[in-house]
Every structure is written in C-alpha cells, then in structure tokens.
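The values are calculated or read from the model by the stated rules, or taken from the named source; none is laboratory data. Fair warning: this is a prediction, and the values are worked out from it, not measured in the lab. Because the Cβ atoms are built from the backbone with ideal geometry, glycine has one as well, and the counts that use them run over all protein chains shown. Calculation scope for accessible area: heavy atoms of the full protein, side chains included, ligands and nucleic acids excluded. Shrake-Rupley method; radii C 1.70, N 1.55, O 1.52, S 1.80 Å.
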There are 2 protein chains.
Amino acid sequence: MLYLIGLGLSYTTDITVRGLEAIKKCDRIYLEHYTSILMAASLEELEQFYGKPVTLADRELVESGCEEILRDADKQDVAFLVVGDPFGATTHTDLVLRAKRQGLPVEVIHNASVMNAVGSCGLQLYTFGQTVSMVFFTDSWRPDSWYNKIWENRKIGLHTLVLLDIKVKEQSIENMARGRLIYEPPRYMSISQCCEQLLEIEETRGTKAYTPETPVVAISRLGSATQEFKSGTIEELSRYDAGEPLHSLVILGRQCHELELEYLLDFASDREAFKQAVIKDQEYFKPAPWVPPAEEDDE
Amino acid sequence: MLYLIGLGLSYTTDITVRGLEAIKKCDRIYLEHYTSILMAASLEELEQFYGKPVTLADRELVESGCEEILRDADKQDVAFLVVGDPFGATTHTDLVLRAKRQGLPVEVIHNASVMNAVGSCGLQLYTFGQTVSMVFFTDSWRPDSWYNKIWENRKIGLHTLVLLDIKVKEQSIENMARGRLIYEPPRYMSISQCCEQLLEIEETRGTKAYTPETPVVAISRLGSATQEFKSGTIEELSRYDAGEPLHSLVILGRQCHELELEYLLDFASDREAFKQAVIKDQEYFKPAPWVPPAEEDDE
C-alpha cells in the first residue's frame, strides 16, 4: 500500500491518529521536502516521534524518481508524507496516477493545509477565488501572471490567497551551469517583499487590479504557537516585519461581511483606518449595474 | 482555554494527535452537530475513543447559547469539536469573537475539510472559485443565488465546489408553527437531486452559465473507506445513484489541465465521451479575445 499522508501545518502532533497508525506499519517513509516545510518540527523530531527513519524526498526524487518511492508498494507499506494535505501540489496527483497505472493500492490520509486553515483569519472560505503564487523576482525574471488572476477574482468580489515563494535546496545559476550539487541556504519570502512586488507590478501596469490602499491580511506561521495575523493596506504591509516564516497573504475582495470585517479589525494597527480602507476598496470594486441576461448573452 | 478542534472527514481516528491530547485535558466537550456529520463514527464511538462524555451542540445551542459553551473557559478547558475544520462555517468565527471579547484564551486545532480534501478528485485547488451551497428546493422556495456565482466562476475558467444540503434536527413547518419540538429524520441531498436542480434553474434562466453537457465530478463519502468519485455531464449524473451520503459536486471550469483531465477520466463511465464533453465545454467558455487594458478600464 502507498499511503499519502498529510502532516498538517506545524507540530509533529499535527498528524492524524490514523496517519500515525499508518506510519507505524510502513516499511519505508518519505517526506516531501520542497513545496513546504513543517514549522515546529525537525526531521530528527519526526523520526523520534514515529520511531522510524524518514527519507527526505526532494523535487528530483519525486518528479523523476517515482520508481524509488513506488518500489514494492504492492508487497510493502510505503508512506509519502506531505506538509499540509497531500493534494496541495500537482506532483502528488502525478504520483497517485503512476501508482494507479501500476495497479498499486493507494490510501490518502488528509490533513489541514493553508488552503482551508486560512479561514482562521476570519474571512469565509466560500468567498475565496483562485489562488496565486508569488515568486521571488530576479533582475531578469519578474513573472506577473498572478496579476490578472487577482483582478479576475476582485472583479467578482472574491478574496485572493497569495502563496509566498519558498526556495529549498535550490542551486545558484552558476552551480547549476557547472553541474555542482551545491545548494543555496533556504529562503522564504517575507510579507513586505510580497507587498513590494505587488506594488511594483501595479505601478508598471497601472490598470488598478488593486491599489496601494487595497486591504490585505498577512498570515504568519499559520497553525503554530506563534501564529500571527496582520490587517492593513498593501502599502502599510510593505513596511511590516512579520518575523519568521512561513507567510501567506490574502488580498480582500468586495464580498466581506460585517462579521468578517469585525474579526479583521482586531488585527489592524489602526482599526478605523483599516475599516475606511475596506469601505473605499469595496466602493471601487462594487458590482456593475445589473444587465438583463438577454443583453449579456450577446457579449 | 477554549479549544476549537477539527475532527476531519470520517473516522474517529481522523482527529490529530494534538487534538486528541487537548480533548484528554478538557472538562467539557461539545460536538457541533448541524453543519456536517462524521461519516464513519457515531457519538458513542467518539465518547469511547476519547474516554469522555460528549454533548451534542445543535444550531440553537451554538448560535443562541454560546454562554453555556464559554462558561468558565477562563478556569477550565473546554473543547468545541467540529467535523472537518473549525473555520468552515460562520457561526464558529462568531464563537471565537465572543470568546475574545470576554478575554478567554482560544486555541484552534485544524484538520482537513471538504474545502481542501476535494483536491483528491484530481482538480487543482488553485483553480477553484467561490464555493456555493445547494439547498433542498420546496414547492415555494427554490433559491438560485448560486447560479450567478457558478457563472462568474466559469467566466474566468474556475471550478465550482457545490456543497449539498443536509438537514439535521429540522422541524416540519407544522411542528414549528405549533411549537412542538419534534424533529424530522435527517436528510442528505443526493448527487442526482443536485444535478436536477442545476438543470431546472438553467432551463428557467436559459442564460447558459452551464449546459446539461457541462462536465462535473461527484464526490461521495470523501475521506471514508467507501469514498467514490464519478465524472460525467450534469445530465448524466442527474441519473446517477451515488449511494450513501455525504456528497459534494464539482462543476468544471475551463482551467483543466491535461494531468487533471487524465485523473478525471478514470472516474468516467465513458472516457472518450467525457473527454469530448470537457473539450466542448472549454471551447464554449474559452476566454474572450484579449482587450487592451485601456479599453477595459472604460467598462
């Protein structure tokens, strides 16, 4: 059996009882180690908690070397551990597909991930639109395909969850060119950098998918003991030190109800200023006047 | 301390180790019992697993009687258990707000919910739009505000998660009028009924937010041992018997990549027909031609 097991967000004990029971049965255990990290637990702590050795699986092993993971999974029990929930990243769908094609039995043991735990900032999960990823800009690479997605979400009033880049086990361009397997220290995007990149692209495009005054919520170390939320405008949070990683950001949509706003106000430095920013932003993105369906059909 | 603890989707053992540790410390334990149900565990099984009595909390107790739940939470440990994750429903945000206002310490222990575990159907969570709820139609009440939301999602290529109504501890109109606390047996909407209601409203409106041939995925008993996925058109699934509850439905958007489609094909009765339905539907909802931002600004 191949078990895909979500580890949740932070602690070793965030695994489910069922997930832990499965691990105890497993002959080999892999930990996916490139799309996220477990904040409050090291590899050694996990191994001690499980009472078993754990192999770190980097992108290379998962994407190119599925065979190693799937080996003998018809006769043995193999666990593939994923921070959050196993279905957060494409590559794991791929792993399941490969297992299925080989006729291997697969069991998924779900857990919390940022995709649902983000609800703890107080915004309704129902009114989130598509999720976007913000990658580290370089001198020559400043991808902004997320810009239109935020815009699309906001046109219909939806919030946008922005996932911030993490770089684990990345090579420098020089080392890659020379084929040297030397890796850079891990890097995690900060809230302020994310906000700066948002502001930069808005300034370049100038089409007001959002403005410097658009309200956002910074979510830091979600699900850990030092979890923190901060409400403010993009401009305000471009100067905010959110501390240790991991971070995510939510860009508010128009669909923000009174109860949600009340919840967010507790996270603002200036409650009244944040409230005004929300009202102003909602006004800007208020729905277009109703058009009879017959006319809309002609679009 | 007030603990809000997610129970996950199905088994008693779907609780996290940390969640279980918290329960062991608690003086009083409430189980939210009206927005969802735990599929593979009864109240008795939960009590046996926790080694403690559990009080069922219906809508009345949670929405009007927060005081009972929050009583002495400054001196005692109280657990409020929620199927899925604690932040799936508005009322729990309300509970946290009330606790905070009273200066009570609150800790949230997250878990999987349909909002993220739905990723196991193979569709990327990133490309889901707003979530809608489908309620049981009655002779005089056929609410369809979800229709425009599906349309909005599909216009920008996003999938829509449709949550199907459940009725737990509901009174008949007659019993309510007479003030009799007699409750109807629980009811859970089936996939076929959901699809029929989708077809009815599309026929009434005729504005093609979707068509009978639009591809959907039925998700039944998610996270349980009898979990099942079924891909087909809305028309096809209006005749599908999905078996025991709980069910959810995903209406596909245009943003369906090759790997996702490959995954979904395994759940179709007729792979080729489903593939053609997806291609046709994507064609119908293909993006409008690109318009320079300056013009779009004038809208």
Seminar exercise, completed: Checked A:Gly65, A:Gly84, A:Gly103 against criteria (at pLDDT 90 or above and over 29 Å from A:Leu161 (Cβ atoms)); the one match is A:Gly103
Exercise. Taking the range B:1-15 as the search range and keeping residues that are crowded, with 22+ Cβ neighbours inside 10 Å and more than 18 Å from the chain's Cα centre (by Cα), which one is nearest to the other protein chains (Cβ to nearest Cβ)?
Worked result: B:Ile15
Exercise. Out of the range A:226-235, which residues are away from chain B (no Cβ under 14 Å) and not polar (S, T, N, Q)?
Worked result: A:Lys230, A:Gly232, A:Ile234, A:Glu235
Problem set entry | Residue in the range B:29-44 that is touching a Phe, Trp or Tyr at 6+ places or on another chain (Cβ under 8 Å), part of a helix (DSSP H, G or I) and either of a type in the set (A, V, I, L, M, F, W, C) or open to solvent by 30 Å² or more (accessible area, probe 1.4 Å) (or both) present | no
Exercise. When residues of the range A:88-120 are filtered for being outside any helix (DSSP H, G or I), over 20 Å from B:Arg18 (Cβ atoms) and within 7 Å of chain B (Cβ to nearest Cβ), how many remain?
Worked result: 1
Seminar exercise, completed: Over the range A:59-87, the set of residues more than 24 Å from A:Val17 (Cβ to Cβ) and assigned to a loop (DSSP other than H, G, I, E, B) is A:Gly65, A:Arg71, A:Asp72, A:Asp74, A:Lys75
Problem set entry | Residue check, A:Val106 in contact with a Leu (Cβ under 7 Å, 6 or more places away or on another chain), under 28 Å from A:Ala79 (Cβ atoms) and open to solvent by less than 10 Å² (accessible area, probe 1.4 Å) | no
Exercise. Among the residues of the range A:142-155, how many are open to solvent by 20 Å² or more (accessible area, probe 1.4 Å) and not polar (S, T, N, Q)?
Worked result: 7
Exercise. Filter the range B:121-136 for residues that are among the hydrophobic types (A, V, I, L, M, F, W, C) and open to solvent by 10 Å² or more (accessible area, probe 1.4 Å); which is farthest from the other protein chains (Cβ to nearest Cβ)?
Worked result: B:Phe136
For this session: Please verify whether the range A:155-162 includes one or more residues that are under 20 Å from the mean Cα position of the chain (by Cα), part of a helix (DSSP H, G or I) and at the interface with chain B (Cβ under 8 Å from one of its Cβ atoms).
Result: no
For this session: Say whether the condition of being away from chain A (no Cβ under 14 Å), in contact (Cβ under 8 Å) with a residue 40 or more places away in the chain and touching a His at 6+ places or on another chain (Cβ under 9 Å) is met by at least one residue in the range B:202-225.
Result: no
Exercise. Before we move on, is A:Arg18 open to solvent by 20 Å² or more (accessible area, probe 1.4 Å), among the basic types (Lys, Arg) and out of contact with any strand residue (DSSP E or B) (no Cβ under 7 Å at 6 or more places or on another chain)?
Worked result: no
Exercise. Somewhere in the range A:232-239, is a residue over 22 Å from A:Glu152 (Cβ atoms), free of Cβ contacts under 8 Å to residues at least 60 places away in the same chain and among the polar types (S, T, N, Q)?
Worked result: yes
Problem set entry | Condition check for B:Asp139: touching a helix residue (DSSP H, G or I) at 6+ places or on another chain (Cβ under 7 Å) and surrounded by fewer than 17 Cβ atoms within 10 Å (Cβ to Cβ) | no
Problem set entry | Any chance A:Thr55 is among the polar types (S, T, N, Q), crowded, with 19+ Cβ neighbours inside 10 Å and more than 19 Å from the chain's Cα centre (by Cα) | no
Exercise. Are there any pairs, at least 6 apart or on different chains, whose C-beta atoms fall under 6 Å, with the first in the range B:1-25 and closer than 12 Å to A:Gly8 by Cβ and the second among the aromatic types (Phe, Trp, Tyr), and if so, which?
Worked result: B:Arg18/A:Tyr11
Exercise. Does at least one position in the range B:132-140 carry a residue that is acidic (Asp, Glu) and in the same structural domain as B:Gly19 (by the TED database)?
Worked result: no
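Taking the conditions exactly as written (of a type outside the set (Phe, Trp, Tyr), assigned to a strand (DSSP E or B), in contact with a His (Cβ under 6 Å, 6 or more places away or on another chain) and farther than 19 Å from A:Val118 by Cα), does B:Leu56 satisfy them or not?
yes
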